[in-house]
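The values are calculated or read from the model by the stated rules, or taken from the named source; none is laboratory data. What you see is a predicted model, and the numbers here were worked out from it, not measured in a lab. Every residue, glycine as well, gets a Cβ built from its backbone with ideal geometry; the counts of neighbours run over all protein chains shown.
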Amino acid sequence: MNREPIRRRAAFLDRDGTIMEERGDLGDPDGVVLLPGAADAVRRLKDAGLAVVLVTNQSGIARGFFTQQQFDAVQKRLLELLAAAGAQLDAVYFCPHHPDVTGPCDCRKPASGMYRRAAQRLSIDLARSFYVGDRWRDIAVTEEVGGTPFLLATGAGGQGAPDGYELVTDLAEAADLIAASLDGRQG
């Protein structure tokens, strides 16, 4: 019998305006400030058995506002702050492109490229996963792959969302709702 392995669920989180304060095109690690409750929310998502994956557009690289090395330094600082609070991410995916500079790509949100790469590498079931962000483009992929979207009032406050999408207060509230929905049905 050739059975496909059970794929796990994930929480796909945007970075700027979701986990950390929105600072525009940030290339300085000293500018990284976690949003209140974000580290605890990440830890609770992990404790619930989810893979926690950061998925972020970083067009400032393509537009020359900061370098790949500066992005890496900002990312390292974010991971340090999360670790200091007992939280960690399973993976980080980022899109360094901008269509006006580099042309189209399959990874710039709302495209599904970063999510599909994470699903393949981490054995994630996209249709059973959760998508959290402060802009419509952070959760719009659910229209293609399925899953449960959570649009946050933090950061851009749900910018670009069509009618019918309710905002949740922040990542902490989204984590509470996700954990409650799992209710022991992980797997």
Just to be sure, is L171 under 14 Å from the mean Cα position of the chain (by Cα) and either at positive phi or crowded, with 21+ Cβ neighbours inside 10 Å (or both)? yes
Is one or more of the residues making up the stretch 153-166 free of Cβ contacts under 8 Å to residues at least 40 places away in the same chain, touching a Ser or Thr at 6+ places or on another chain (Cβ under 8 Å) and surrounded by 14 or more Cβ atoms within 10 Å (Cβ to Cβ)? yes
Scan V74, V55 and give me the residue that is of a type in the set (A, V, I, L, M) and in contact with a Cys (Cβ under 9 Å, 6 or more places away or on another chain). V55
Out of D72, D40, which single residue is closer than 23 Å to T169 by Cβ, among the acidic types (D, E) and at pLDDT 95 or above? D40
Is the stretch 160-183 home to any residue that is closer than 13 Å to L50 by Cα, in contact with a strand residue (DSSP E or B) (Cβ under 9 Å, 6 or more places away or on another chain) and assigned to a loop (DSSP other than H, G, I, E, B)? no
Quick one: A41 ticks every box in (1) part of a helix (DSSP H, G or I); (2) hydrophobic (A, V, I, L, M, F, W, C); (3) touching a Pro at 6+ places or on another chain (Cβ under 7 Å) except a single one, so which number is it? (3)
Being part of a strand (DSSP E or B), within 26 Å of P5 (Cα to Cα) and at pLDDT 95 or above: is that true of Y115 here? no
Scope the stretch 48-73; condition part of a helix (DSSP H, G or I), within 18 Å of the chain's Cα centre (by Cα) and either without any contact (Cβ under 8 Å) to a residue 12 or more places away in the chain or within 19 Å of R137 (Cα to Cα) (or both); matching residues: D72
